[in-house]
Structures are given as structure tokens and as C-alpha cells.
Amino acid sequence: MDIFSDLFMGLSIAITPINLVYLLIGAMVGMIVGVIPGFGPSAGLAILLPVTFGMDPIGAIMMLAAIYYGAMYGGTITSILINTPGESATVASTFDGFPLAKKGRAGPALVMQAVASFVGGTVGVILITILAPMFSQVSRSFGPPEYFLLACMGLLTLIVMIGSSWKLGVISALIGLALGTVGVDLETGQGRYTFGSAELIGGIYFIPIAIGLFGLGELFYAFWSGLHNTGSGSIVQYSKEQRFWPTAQDFISTKWTMVRGSVLGFVVGVIPGAGATIASLMAYSTERSLSKHPERFGKGEMAGLVAPETANNAASSGAMIPLLTLGIPGSASTAVLLAAFMLWGLRPGPLFMSQNPELAWGLIASMYLGNMVLLAISIFAIPLFVQIIKVPYRILGPAVVVICALGTFSVHASFIETYLMFAAGIVGFFMRRFGFSPAALVLALVLGPLAEEALRQTMTISRGSFAIFVQRPASLWIIGITIALLVFLPILGRIGSRAANTEKAGG
Amino acid sequence: MRIVFLVALLGGAVFYSYVAFIDLSFFNQRGRPGAGFFPRIVGVAMVVLVLWAMVDALRDRRAAATNGFHDGLGDTGSGWQDAAKLVLLALTYAVLLRIFGGFVSTIIYLGLALSVLNPGRHLQNALVAVIMPIVVYLLFDRLLNASMPPALIDLPF
């Protein structure tokens, strides 16, 4: 009953005219971010974070969260219509989404992806509602050793999922940790790497780095890879009048697919580092292996579109659990969300839900509403997004540079931070180009100061002995889970990659 | 190029470690972990891993030279050229921002960038170069009450 009263309290906070407007704007922006190939939710969140500074924290967090899960909805539109995923989590949606469109079923595919995203997102939020208080309860017994181990878990699991090279992933994380040490050491009052500069006393601010790496870095990389020369490709035509809506058979044949995709996606989403991309590829692979007609997959099978769509949306909801209850972001997008919380003086973690019930439950309640809004937008605003797909990258590119620069400046009215953003953009491009991970850098930059503080507290408690990590049951559990994840996540990743490679080879 | 990037990273890592060992103490006066405790661990790890990555990169380069392997999407020359153009334009914008402020520099930058990246479409480029700064000004300065970069020189607007 407590959950229901909390949820109703959250709904009463979320349903105010201004908050609903923020939610609508966030959902629209999220979809636009998702539609633009080369830009993921982390880039969208980082670029638009400064825009929320003048807003009320609840409205701002609702809007940012809507951008985050809205990107999952938007990314699929391009997967279906131009065979280009708007972001990595919608790669699996191209496998059957585009063949469906080529078969003249673009309308039903677009509607079913919206319904599947809605089901995945809503099941995910229901599971958050039930599980977040439980996670919060368990994590209340955690002390500095557990927090240090959790930060390590978040970083290590992300690094093993990077794929190209774990060494480059670790180096990326170490750069983030190093940047996190700049500024005055709060325990000793000693300046570190400030070189007498007043601008560096407070440390390197997260926003310019995130905007530079995700916004400009991704943009430069897109230009390097020639995305601006490819145009929007040929957009599959669809008609709003003829055969736009799915048949009853489409719904009936995919009802269990939606259930399986939602649960699988949510579980994978809760694991730090795994994320929506792995969830969607795994859901696709699972669905094909369970299907009575696996040969139809890759040729326009509705279940092949519905499975990854439910999974990636459920995963984006699942990723909110470690963020809200442990204060540990499992991905670059949730790291930006964590930074947003911190900007408003909020610290997600075990006590977050009990100390900030209005904000926590307002956010959860807004996710129910957000999924409804996104369902409606996804179906009725498709022509608008088709127009956005047509905007050439060579026009979009300079416009993104403007928004990144002015957005960064607006935070502290600092030219130094603006120049830092440009520098981070160039570094981000080279990192992307040479297989490093900007996401690991950003995650480490956010988690670094927390990890350092926790490690130093732990060493003080244990008088310099690392044995404390194996003497506390909670620490032992976290070490065990981390080892299990480090073993199983690459296997999950390989299953997902195999599904992707099979589809590529097949067509 | 990868080797150059790794060498730059190694330089940064060595400098970071040097400062951690020279300026920052591992333990504070009470025998607890000091300001240099974490940086020293991070710095040493970074130096070791960057060196390791450099060895890998050199080995890969030798293998690529033997097999005549081309290592990326945009490595055809035009990819680097296009990315360099955008980087240079972005850096020009950074300089313009300081001199002319947010509004005027955005008009100049967009006009310049679009004429380079989207040549021949003069009307479209001019419209974007004028409308976009107005929208951005209204959004940041009026609606969100956020500050736009001020100009270094006095401008009438």
C-alpha cells in the first residue's frame, strides 16, 4: 500500500500543467535526438542539460528523463524507414523493421514499434515502482567499502562491454578519474593540478566535458565517417490512409514477445554497463530461437521488430534502478542524469527515495505519463520526424556546434569552460576514432570523486588494510556479483553480436 | 595517427604522475591517505596501460603495413578533410564568440560554415544563418534567462 500512496503522491506532483509541458518538450526532444543518426541520448542529454538550469528541479529532471527514454522511441523510426538506426540500441530494430517497410508494411511497423516501446517502457516503470524501494532498503546497510566497490563495478562492467579493447576502455576511465582529481582536495585542503589557476580550484566541471565528448566529438566523428555526404537515403514511403494500422493478428502474435522482451530488457538494463543495445540484441536472438518460424526473421517478421523494441525501452527504465537507489550510473546517459541530479544538490543513493520522496516518486510517476505521451507522439507525429530525417547533416552539423557552445557558456557564463568544451570535442573525436570510450571517461569523471572519497574513508576505517573488502558480507556480495558480471557480460555481448552478425550476413 | 595520439596521452600520463609524486603526498600528517594517494595509483596505471596500448598499436601497424590493410571508414582522406574542416570552423567560432559575442558571431559562423559545407545553396544558407541565431537568442536570452557570450568590442546590438 505504501507504494501506491507514494505513487499517487508522485502523480499529484507530476500532473501540473507546467510539468506536463516539460514532459511533452522532453518527449519531443528525445524523439528528435533519437531520430538523428549519430546522436544518442547521452549527447542529447549533455547538450540540453544547460537549458534546464532555470527550471524547477522536478520539472527539469522529468524533462531530462523524458529525453533519455524518448530517444529509444525515436531511434526506431529511422531503423524502419531508412534502414539506419538512430542510435545503437535500435540496431536490432533494422533487422525486421526495414524489411517490413519494404514489404509495404511501414505503417503497421511504425505503430507496432510505438506500442512495443510503450509496453516495454511501462512494464519497466512498473518494475521500478516495485523494486526501487527494495533496492533502496538493501543498500542502506552500505558503507564506504561498498560504495567504492559499486563504483568499480559500474566502471568495470562498462569497460568489458566496450568490445574493441578493454585496455583502451580502462585508459579512457583512467583519464576520467585523473580529470576528477583536479581541484582542491576536500580532506586536506591541498590544491591538486590547479597550477595557480582560480578557474581550476573547484575542479574540472562535468558539463563542458560531457557536451564536448558526446556533442562535438560525435559530430566530428560523423563528418569523418562521411555521414554528411550520405544524405537521408531513400525513405520508404508509407500511407496514413491505406494499411497504416496493424492487424489484430500482429497484436495477438506478439503478445508474449512483448512480455519476454520487457522482462529480459529490464533485467539487462539493471546491470550496470550492459545497457539497452545488449538488451535489444539479446531479446531479438531469444525470440528467434523460441519462434516456430525462425526462418522468417530478418525478412519482415513482426516479432523480430517487437522484441528489441520492448527490450530497449524496458532496459532504459531498468537502468534507473542503480541510479536512483545506489547512485551508480550504469551508462553514459545515466551518468549525465546523475550529474543533473547533483547540479540541483541532490545525491541519488540509498537515502534518496526516503529523503526526496517528492522528486523520486514524481520522476517515477512522470515515466508512466511520459510513455503515454511518447506512444501518442510516435504514432501521430511520424510525418514531422520524417521531415527531420530529411534535414541534411551538413546543415545540422554547424547548428549543433552553436547549441553546444552557447549551452556550455550559459551554465557559468565562462569562456574557459566553453573553450574546454571545444577541446573535449576534439579529444572526443580522436577517442572515437581510435577505439577509446568517451562513455567510460564521462562515467569515471562522475564516479571518480565519489570512488576516491569512499576509498580513502575505507582505508582510514581499516587502517590501510585492503582486507576490509572481504571481511564485510555486503562487500563480499558485491565482489561476487562483479566477478559474475565480468564473466557473463562478455558472453551476453557475444550472443548479441552473433545475432547482429547473422542478420548482416543474411541480408 | 593512433601512435601520435597515444604518445600525447603518454606525455599527459607521465606529467600527471610526476606531479602526483612530486607535489602531492601519499599519506597526510595523521597517517591517513593523502591528496596524492589516488592520483599516484591512477597515474601509474595510466602510464603502464598507455605503454601497453602503444606496443599493441605498433604491432598492429606493422601487421597492417604487411597486409596493405586500410583501417577505417573515413581513412580515405576525404573523411579527415571533412572532419578537419568542421573542427577548424568550430575553432573559428570559439574565437569569434570572444570578439563579437553570441549573437553576431553565430550569424558570421553559420554563414561561413554553411557556405563551406553546403555550397551553392545561398538562399537556404542565408536563411539558416539568420533565423537560427534569432531562435537561439530568444531561447537562451529571453525564455531561459541564460547569459549569451558578451562581445569584447562594443556593438550596437
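The values are calculated or read from the model by the stated rules, or taken from the named source; none is laboratory data. In this text, all values refer to a predicted model and were calculated from it rather than measured experimentally. For neighbour counting, all protein chains shown are included, and Cβ atoms are generated from backbone atoms with ideal geometry for every residue, glycine included. Ligands, DNA and RNA are stripped out before the accessible areas are found, and what is left, the full protein with its side chains, is counted by its heavy atoms. Shrake-Rupley method; radii C 1.70, N 1.55, O 1.52, S 1.80 Å.
Helix A:415-433 and the longest principal axis of the C-alpha atoms of chain A enclose an angle of approximately 60°.
Summarise the partner chain shielding of A:170-177 as one whole number: the mean count of Cβ atoms from other chains within 10 Å of each residue's Cβ. List each step's numbers first, then the result.
Details: counts 5, 10, 0, 4, 13, 7, 1, 7.
Across A:170-177, the average partner-chain Cβ count within 10 Å equals 6.
Take the protein assembly as shown with all the other protein chains still there, run a 1.4 Å probe, and you get 40 Å² of accessible area per residue.
Between the helical axis of A:275-290 and the longest alpha-carbon principal axis of chain A there is an angle of about 40 degrees.
Taking all Cα pairs closer than 8 Å and separated by 6 or more residues, the relative contact order of chain A comes to 29 percent.
Among the listed pairs A:K167/A:K390; A:K299/A:K390; A:K292/A:K390, which are separated by more than 32 Å between their Cα atoms?
From A:K167/A:K390; A:K299/A:K390; A:K292/A:K390, over 32 Å: A:K167/A:K390; A:K292/A:K390.
Across region B:2-67, the mean sequence separation of Cα contacts (distance under 8 Å, 6 or more residues apart), normalised by length, yields a relative contact order of 36 percent. Projecting the Cα atoms of A:L20, A:S165, A:F220 onto the charge dipole of the protein assembly as shown (Cβ charges, centred on the Cα centre) puts A:S165 farthest toward the positive pole.
Applying a length cut-off of 24 Å (Cα extent along the axis) and a mean Kyte-Doolittle floor of 0.5 to the DSSP H helices of chain B leaves B:2-22, B:37-67, B:78-117.
Considering only B:A84, B:A113, B:A146, the Gaussian network model of chain B with Cα springs below 10 Å gives its largest mean-square fluctuation to B:A146.
Using only protein heavy atoms and a 1.4 angstrom probe, determine the accessible area buried between A and B, summed over both sides, in Å² to the nearest 100.
Values: alone 20520 and 11590 Å², together 26580 Å².
Result for this pair: about 5500 Å² buried.
Averaged over the residues of peptide B:139-148, the number of Cβ atoms from other protein chains lying within 10 Å of each residue's Cβ is 5.
Between A:S12 and B:I3, what FRET efficiency comes out of the Förster formula 1/(1 + (r/R0)^6) with R0 = 60 Å and r the beta carbon distance, rounded to 0.05? Don't skip to the answer; put the middle values down first.
Numbers: r = 59 Å, r/R0 = 0.99.
Efficiency, rounded to the nearest 0.05: 0.50.
One Cα centroid belongs to region A:79-125, the other to region A:244-269; the line between them spans 12 Å. The mean number of partner chain beta-carbon atoms within 10 angstrom of a residue's beta-carbon across peptide B:25-32 is 3. Measure nothing but the geometry: give the 0 to 90° angle between the long axis through the Cα atoms of A:144-160 and the longest principal axis through the Cα atoms of chain A, rounded to 10°. The angle comes out at about 40 degrees.
Taking amide H positions as modeled 1.01 Å from N, with prolines and chain starts lacking one, the residues under 5 Å from A:R192 and 5 or more places away or on another chain are A:G183, A:V184, A:D185.
In debye, nearest 20: dipole of region A:23-158 around its Cα centre with unit charges on the Cβ of K, R (+) and D, E (-)? Kindly include the intermediate steps, with their values, before the conclusion.
On the way: 4 positive and 4 negative charges, 71 e Å.
Taking the Cα centre of region A:23-158 as origin, the dipole is about 340 debye.
Note on B:D56/B:I153: beta-carbon distance plugged into 1/(1 + (r/R0)^6) with R0 of 35 Å gives a FRET efficiency of 0.10.
Percent of accessible area on region B:2-67 owned by carbon and sulfur, 1.4 Å probe?
Details: 2450 of 3760 Å².
Result for region B:2-67: 65 percent of the exposed heavy-atom area is carbon or sulfur.
Suppose every Lys and Arg Cβ carries +1 and every Asp and Glu Cβ carries -1, with no other charges. What dipole size does chain B come out with about its Cα centre, to the nearest 20 debye?
Numbers: 11 positive and 8 negative charges, 72 e Å.
Result for chain B is approximately 340 debye, rounded to the nearest 20.
Computed from point charges on the beta carbon alone (+1 for Lys and Arg, -1 for Asp and Glu), the dipole magnitude for region B:2-67 about its Cα centre is near 80 Debye. For the listed peptides A:21-29, A:467-475, B:57-65, a ranking on the average number of other beta carbons within 10 Å per residue, highest first, reads A:21-29, A:467-475, B:57-65.
Determine the share of region A:348-507's accessible area contributed by carbon and sulfur atoms, expressed in whole percent, with a 1.4 angstrom probe. Present the calculation step by step, with values, prior to reporting the outcome.
Numbers: 4210 of 6160 Å².
Here carbon and sulfur together make up 68 percent of the probe-accessible area.
Which order do peptides A:94-105, A:245-256, A:139-150 fall in by mean Cβ count within 10 Å, highest first?
Result, highest mean Cβ count within 10 Å first: A:94-105, A:139-150, A:245-256.
Peptides A:347-354, A:278-285, A:371-378 ranked from most to least packed by the mean count of surrounding Cβ atoms within 10 Å: A:278-285, A:371-378, A:347-354.
Carbon and sulfur: what percent of region A:52-147's accessible surface (1.4 Å probe)? Display every interim value, and only then the final one.
On the way: 1630 of 2380 Å².
Of all accessible area on region A:52-147, carbon and sulfur atoms account for 68 percent.
In straight-distance terms, cross-link reach from A:K102 covers every one of the aspartates and glutamates whose alpha-carbon lies under 15 Å from its own, apart from those fewer than eight places away in the same chain; here that gives A:E301.
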